[in-house]
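I have placed the structure first, in the form of structure tokens, so that the comments after it can refer back to it.
The values are calculated or read from the model by the stated rules, or taken from the named source; none is laboratory data. The structure displayed is predicted, hence computed values, not measured ones. Cβ sites come from the backbone with ideal geometry, for glycine too, and all protein chains shown count toward neighbours. The protein model used for the area step is the full one, side chains on, heavy atoms only, and it has no ligands, DNA or RNA in it. Shrake-Rupley method; radii C 1.70, N 1.55, O 1.52, S 1.80 Å.
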Amino acid sequence: MNAEDPGRIVLLTASHRVAPGLLSWPAWQTLHAADRVHCAEQDQPQLPYLREAGVTVTPGVPDAQELVDACAGGRTVVVLTGGEGNQPLTDGLARLAGSGRVRMPNLELLPGSYDLPGARLLDLVQVMDRIRLECPWTSQKTHQGLAKYAIEEAYELVEAIEDGNREELREELGDVLLQVVFHARIAQEDEEEPFSVDDVAATLVEKLIHRHPHVFGDETAETPEDVHAHWLRTKAIEKQRESVTDGVPLGQPGLALAAKLASRVRTAGLDVPLPAGSGSEGGDIGYRLLSLAVRAQEDGIDPEAALRAAGRAYRDAIRAAEGIGQGPADNVGE
């Protein structure tokens with residue numbers, strides 16, 4: 001070794017979201033060739049695989065000055081960290097380099113593994129599991145007790161979409177995702193029919209593949225209408241429903257319900273006259289609204305969204321009459 005060679009420090013990062021042992025070839029080469037390998041985390045998932053591969057790992061990480069001294073003479077020292085790195089160590093090395101009084105080793109950042117798309121979902125499942133076990137409020141929740149929140153979060157997501165606020169949209173999508181992960185975590189505890197978030201995802205993947213034969217199979221679809229027809233055919237075979245109204249949730253808002261029923265009727269090619277009003281005081285208003293909703297659906301208009309837009313305009317008119325002006329949410333993104 002050259003006594004004047006300051007050596008090399010390699011900060012090797014390995015994501016905990018990737019199966020341990022799956023390191024890049026440059027990472028394995030560096031680990032085997034290193035003079036010393038340090039790791040501060042006693043529970044680092046990579047350690048058993050490094051031992052199996054014959055790599056000796058020294059527990060703990062020296063401070064910046066000790067690490068620089070260990071590299072003297074051309075040695076290579078590897079510091080294995082998680083995907084987030086080792087901030088105190090890198091800060092210490094930066095201070096030494098900035099002092100101008102120390103001849104610094106070559107510093108290399110070597111990613112040993114990378115997160116795959118969707119990897120942060122693993123963190124979400126892990127965090128949800130811990131909260132379910134340790135949080136007094138979360139640990140007591142049931143499917144029934146959470147049901148109302150799923151509805152609320154869905155409406156808040158729709159509002160974020162209509163407002164055009166990207167930051168709120170991202171947050172509200174997360175809140176809707178939380179409901180899915182939360183319910184799936186509760187479902188794991190069912191004594192008779194448990195299932196996990198992996199089972200939920202597997203069911204969805206199977207459904208998406210089956211209902212997109214033009215993507216994953218031999219069918220062809222050149223227009224959105226072709227895709228919709230494929231979807232309806234496969235869905236009908238899967239569900240084996242007796243009526244076109246089966247599967248339509250009656251608890252949804254009235255205008256959305258009317259439009260959904262009208263869509264089912266039209267798709268099935270049925271000729272169903274609209275029911276007449278009862279004739280009692282105010283009794284036919286619902287039937288008049290039904291007629292408007294069906295007409296909107298036939299014209300390609302979402303009556304629920306149209307009524308919300310009209311409601312917002314009415315809200316603005318009320319605020320104007322009060323001398324307040326538009327609501328702040330409507331100014332977002334303009």
Quiz item: If ligands, DNA and RNA are left out, what is the accessible area of Met128 with a 1.4 Å probe, given in Å² to the nearest 10?
Solution: 10 Å²
Quiz item: Karplus couplings for the range 13-27 from phi (6.51 cos²θ - 1.76 cosθ + 1.60, θ = phi - 60°), rounded to Hz, Gly and Pro as x?
Solution: 9, 9, 6, 6, 8, 10, 3, x, x, 8, 9, 5, 4, x, 5
Self-check item: Interatomic Cα distance distribution for the range 57-200, bins of 5 angstrom, percent
Solution: 2, 7, 12, 13, 11, 9, 8, 9, 9, 8, 7, 4, 1, 0
Practice problem: Please arrange Asp226, Asp63 by accessible surface area, largest first, computed with a 1.4 Å probe and ligands excluded. | Solution: Asp63, Asp226
Practice problem: Over the range 53-145, with every protein chain in place, what whole percent of the accessible area is carbon and sulfur at 1.4 Å, could you tell me? | Solution: 56 percent
Quiz item: Ignoring ligands, DNA and RNA, what percent of the accessible area of the range 172-243 is carbon or sulfur (1.4 Å)?
Solution: 54 percent
Quiz prompt | Heavy-atom accessible area per residue - the chain, 1.4 Å, Å² | solution = 65 Å²
Quiz item: Hey, got the Cα dimensions of the range 122-185 along the principal axes, in Å, largest first?
Solution: 37, 26, 17
Quiz item: If r is the Cβ-Cβ distance from Arg36 to Glu4 and R0 is 22 Å, what FRET efficiency results, to the nearest 0.05?
Solution: 0.65
Quiz item: Working out 0.36 nm times the residue gap between Val102 and Ala320, then minus their Cα-Cα distance, what length gain in nm do you get to one decimal?
Solution: 71.6 nm
Quiz item: How far is the Cα center of the range 48-62 from the Cα center of the range 162-176, in Å?
Solution: 44 Å
Quiz item: Can you pull the accessible area of His228 for me, 1.4 Å probe, Å² to the nearest 10?
Solution: 100 Å²
Exercise. Could you state the orientation-averaged shadow area of the convex hull built on the Cα atoms of the chain, in nm² to one decimal?
Key: 30.2 nm²
